[in-house]
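The values are calculated or read from the model by the stated rules, or taken from the named source; none is laboratory data. Predicted model, so just to flag it, every value in this text is computed and none were measured. Positions of Cβ are generated from backbone atoms using ideal geometry, with glycine treated the same way; all protein chains shown enter the neighbour counts.
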Amino acid sequence: MLHVRALSKRFGPQTIFEDLSWHIGSGVRIGLVGPNGAGKTTLLRILAGFESPDSGEVSLPKGMRIGYLPQEVETLEGSTVLGHVLSGFGEVREIEEEIERIENELAARPGPVELARLTSRYGDLRHRFEALGGYRLEGEARAILGGLGFPNDKVHAPLVTLSGGWRMRAALAGHLLRRPEILLLDEPTNHLDLESMAWLEEFMDEYEGSLVVVSHDRFFLNRVVDGVAELEGGRLTLYAGDYDDFQVEKESRKEALLAAKKNQDRQIAHAERFIERFRSKATKARQVQSRIKRLEKVERIQIQGGPKSIRFAFPQPSRSGAETIRAEGIRKAYGDKVVYDGADFIARRGDRIALLGPNGAGKSTLLKILAGILAPDAGTRRPGHNVTLHYYAQHQLEALGAGRTVFEEIESAAPDDLRPRLRTMLGAFLFSGEDVDKKVGVLSGGEKARLALAKMLVRPASLLLLDEPTNHLDLRARGVLEEALEQYTGTIVFISHDRYFIDRIATSTCEMKDGKLDQRPGSYEDYAQRLRVLEKSQAAAKPRESREEERRRKPDPPAPDAPGAGTGKGRDARAAGARPAPKKPATPPEAKATGALDDGWIDIGIDPRSAPAEPEPETGPGPKSREQKRVEAQERQRRHAATKDFKEKLARVEAEIASLEGRLKNLEAALADPALYRDADKARDSKREHKEVQERIAWLYDEWSGLSKTIDDLSRA
């Protein structure tokens, strides 16, 4: 489909890649990974035709469309969000924009002559728009924009009013609507909230073209790609499977290469010893020359120098009070938009709380209030005893001294007793050798983010408030930060869209929605599982709600003895004042129950031959009769019998969930141990079992939700 042959690219003296070849087939989904500066963005731009290689060529079939989404979008075609998304459809876009202009002119109430002209033109445009499929395209465009977080009233917003993040979403929506044969995405999740990322993952399941995506979101890569291309040291290496499979296979290949090199080195050393020993002996001259020629032909195995793993302990904070920080009755509004009104939040010593919610829910606002840099309109903020805090946000990168070196910048924040260890700390954050002497002003966004985080962590504080700390960090740098935070003994409140990072760091979550805070213990996966169970229960409840609504709308059936009963004249009979039919009695224990499930309802079928005659209802107040008490006792027995089997099954499901969750924790601990990857087969089996256990737990939670609802329905029936 797309062929890359002998591609080379240099920037000054630096070679980005050389003699790179690659074939991208039809329908493949490739994750392009590698450290910052490896050339991933450059390679995507060359594939998209926005940049030329120094040598080599990129070829693809004539007429094939390529869509390219860069990391940052400066300008977009079209005047509005919807206009841009439809901009790839030529005449449809032009008609859409003219329709919008005429609508604005009509809203200005023109005179009769102009009104007639505009109305006539408006009708013609609408007719042509429909003939070209514009309504279908507009509907799809609106659905895509909605999935990416655009509310309905914002799809006509002028592009010039959008921030960079929203422009990127609009650009992504345009590519998704056009569905090119090859789609190149450079960090598409950078500006998406968790809901939009989940929607995008589902959308990509339906996409039929080829995909090459650069992303540092491991969850996204695992969900979307079926292959990984690693660009490192100017070389492109291909792997099958998702990102987790890539990690296992890479470690396996590395172990195999090391073993092969060790064996080759041993053979070479043996040959060299033979040559050295017998070089001067005439009787061995032929054998010596044979070995010399053989050594000259040997293709030496080269081990690419990988990054060194540096481990050390960051200075830990002094012990704070049991309660680190509390906010009570917080109110905050921006003009007419009320973000919080009476919200409460608490973080205790050792908590690691992830703030979750859609963009605009108030996550950064809460973090700023907790940091004390934004005052609430009402309510109180109270830090605990002996609490010191650090606040990290993207503006921290701009606060770095551009004229200082990396070492001077971290030295300015470090206490005296840590100065001898500063180079080691910088090494842990991937600044080694000459990197520490770079001026801050020439650092990339990722390098600045690493430096700002290292600068913050060298001076201990008992509370860390982190706003998107993984932005601009590549996968290796994120791993360094995760290890540093796992060592940290204080309290962390953080915002992140990296679901893997959240799952590894968080011990509890705080969901923000509609101005309310919902704090719960557990990791991101626990939070996601609760959402899945809630969605399932809501979906299961819809048939019941619609059926109850239908029953409320329908008139009561006529009584058996009412005029017109059974003849289609019940409506007239009720109008004449006929009394309603008596309710059906409770099912006796000896009645035969069929347990048929229909639209979310459990119908207990009764054999009419075994059911007793219907008792006449009581017509006046007074103590319960013997017959009423007997019927109520039968009802209690029926409910117990109907729910007994379901409750037993529910208990078995809960026991299996508990057992599997224990197994899942053991597997996660094993997968976090680097020693596991020395045995590639064992690592692969552990990863496969981890996925199977996760899927089984998800299925069991669905089963648990269904059983719980069934028991509840039977108890109320």
Has the range 230-242 got at least one residue that is surrounded by fewer than 22 Cβ atoms within 10 Å (Cβ to Cβ) and either of a type in the set (Lys, Arg) or touching a Cys at 6+ places or on another chain (Cβ under 8 Å) (or both)?
yes
Out of curiosity, is PHE246 among the aromatic types (Phe, Trp, Tyr), surrounded by 15 or more Cβ atoms within 10 Å (Cβ to Cβ) and part of a helix (DSSP H, G or I)?
yes
Inside the range 49-77, can you point out the residues that are buried (at least 19 other Cβ atoms within 10 Å of the Cβ) and of a type in the set (Gly, Ala, Ser)?
GLY67
Does the range 199-221 contain any residue that is buried (at least 18 other Cβ atoms within 10 Å of the Cβ), in a helix (DSSP H, G or I) and over 16 Å from the mean Cα position of the chain (by Cα)?
no
When only residues in the range 334-365 that are assigned to a strand (DSSP E or B) and touching a Phe, Trp or Tyr at 6+ places or on another chain (Cβ under 8 Å) count, which is farthest from SER496 (Cα to Cα)?
ARG352
Only listed residue being in contact with a strand residue (DSSP E or B) (Cβ under 9 Å, 6 or more places away or on another chain), over 22 Å from ARG235 (Cα atoms) and acidic (Asp, Glu), chosen from GLU91, GLU97
GLU97
Given the structure, is LEU430 on the phi > 0 side of the Ramachandran plot and modelled with pLDDT under 90?
yes
Could you please let me know if ARG169 is closer than 21 Å to ILE102 by Cβ, part of a helix (DSSP H, G or I) and of a type in the set (Lys, Arg)?
no
